[in-house]
Amino acid sequence: MDEMPRTTGIPVVDFSGFLSGTADQRRAVAKQIGTACESVGFLYLSNHGVPADALERIFAAAKAFFGLPQDRLMAIEATRLHYRGYLPLSVRTYAATGLPDVFEAFKMQLDLPLDDPDVLAGKPLHQVNKWPDGMPEWRSEVLSYWARMESLSHDLLRAFALALDEPEETFLSFYRKPLAQLSLLHYPSKPARAPAEQWSMQPHTDTGAFTILAQDNTGGLQVQPLSGEWIDAVPLPGAYVINIGDMMQRWTNGRFASTPHRVLNRTGKERVSIPFFMNPDFDVRIEPLPSCVTPERPLAFEPLAVGDFIWRTFTKDWK
């Protein structure tokens with residue numbers, strides 16, 4: 001088992017100046033975000049424009065979902081080839097340890113109708129969401145939160161671009177029909193007899209461009225920045241945790257760090273977290289921005305086909 005993590009080192013960025021400030025204030029906030037992305041790959045985002053009651057409602061929705069009888073959850077079970085709906089405990093096992101993660105989840109993506117052309121064509125990752133029966137208000141609440149995450153994500157994409165001295169719109173064209181994913185996650189407390197190397201969620205980096213995470217006050221998220229020392233991403237009331245993923249690391253030619261992180265819930269309490277993964281469109285090919293390739297930072301990544309990369313990620317590590 002690794003040593004106990006420390007609890008400092010993740011910057012806090014006040015986003016209000018970007019949302020409602022002058023051009024200079026917007027650029028100043030973007031630079032703070034860029035510095036955090038280059039040094040840690042994680043930051044806390046405060047004053048982000050998502051109302052406190054909206055966060056309260058989505059956490060209430062998550063708890064209501066995981067309180068449903070198991071047969072109702074399994075009626076909308078996610079599968080390897082249709083990765084939407086309910087993901088039961090311990091369904092995915094990792095080759096490195098032979099042990100599963102210990103969480104359950106509800107997963108959704110862009111809410112496509114049955115007559116969507118890509119759904120009808122059977123395009124990979126373009127499927128309908130799986131919703132629990134008899135819960136129309138619950139569904140509306142989840143979709144409302146999804147819309148808020150899309151809006152905040154577009155603001156963050158603009159901020160990332162400004163941080164890189166790129167035009168604000170640089171990344172937006174890659175998000176016409178995104179493969180973004182919203183997850184509701186429930187972590188039981190780690191049993192006392194569980195193996196020491198069994199995590200609630202294994203150490204990993206995120207696949208997409210970036211993640212917006214809402215976490216409850218239980219704690220358990222740990223981050224490994226460039227120093228190699230694990231640190232606790234302690235919950236800050238009202239703040240999101242933002243982290244860079246593999247695709248943004250590629251876009252920036254390594255300037256922004258896709259940082260390993262893990263979850264270990266040994267608090268004796270249940271933990272709920274709600275990540276929104278901002279993945280680009282299926283047909284996007286990601287390659288480093290020319291401005292991020294310099295003699296001091298030579299080209300480090302080959303072009304990446306987004307759809308194939310996410311498909312491989314979603315379909316691996318199943319029992």
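The values are calculated or read from the model by the stated rules, or taken from the named source; none is laboratory data. Just so you know, these numbers come straight off a predicted model, no measurement behind them. Note: ideal-geometry Cβ built from the backbone for every residue, glycine included; neighbour counts use all protein chains shown.
For region 265-299, taking the residues that are surrounded by fewer than 17 Cβ atoms within 10 Å (Cβ to Cβ) and basic (Lys, Arg), the one that is nearest to the chain's Cα centre (by Cα) is identified as 285.
In region 209-319, counting only strands (runs of 3 or more DSSP E) that sit wholly within it, the ones holding 3 or more residues that are closer than 21 Å to residue 180 by Cα span 210-215, 240-244, 271-278. Annotation note: of 276, 256, the sole residue that is out of contact with any Pro (no Cβ under 8 Å at 6 or more places or on another chain), at pLDDT 95 or above and under 24 Å from residue 118 (Cβ atoms) is 276. Among (1) without any contact (Cβ under 8 Å) to a residue 60 or more places away in the chain; (2) farther than 22 Å from residue 312 by Cβ, which single condition is residue 264 missing? Residue 264 satisfies every listed condition except (1). Among the residues of region 200-216, those identified as at pLDDT below 95 and over 30 Å from residue 289 (Cβ atoms) are 200, 201, 202.
The condition of being of a type outside the set (Val, Ile, Thr), more than 15 Å from residue 152 (Cα to Cα) and modelled with pLDDT under 95 does not hold for residue 27. Listed conditions (1) touching a Leu at 6+ places or on another chain (Cβ under 8 Å); (2) under 18 Å from residue 181 (Cα atoms) are all met by residue 81, apart from (1). Here residue 193 meets the list (1) among the charged types (D, E, K, R); (2) more than 14 Å from residue 278 (Cβ to Cβ); (3) modelled with pLDDT of 95 or more almost entirely, failing just condition (3).
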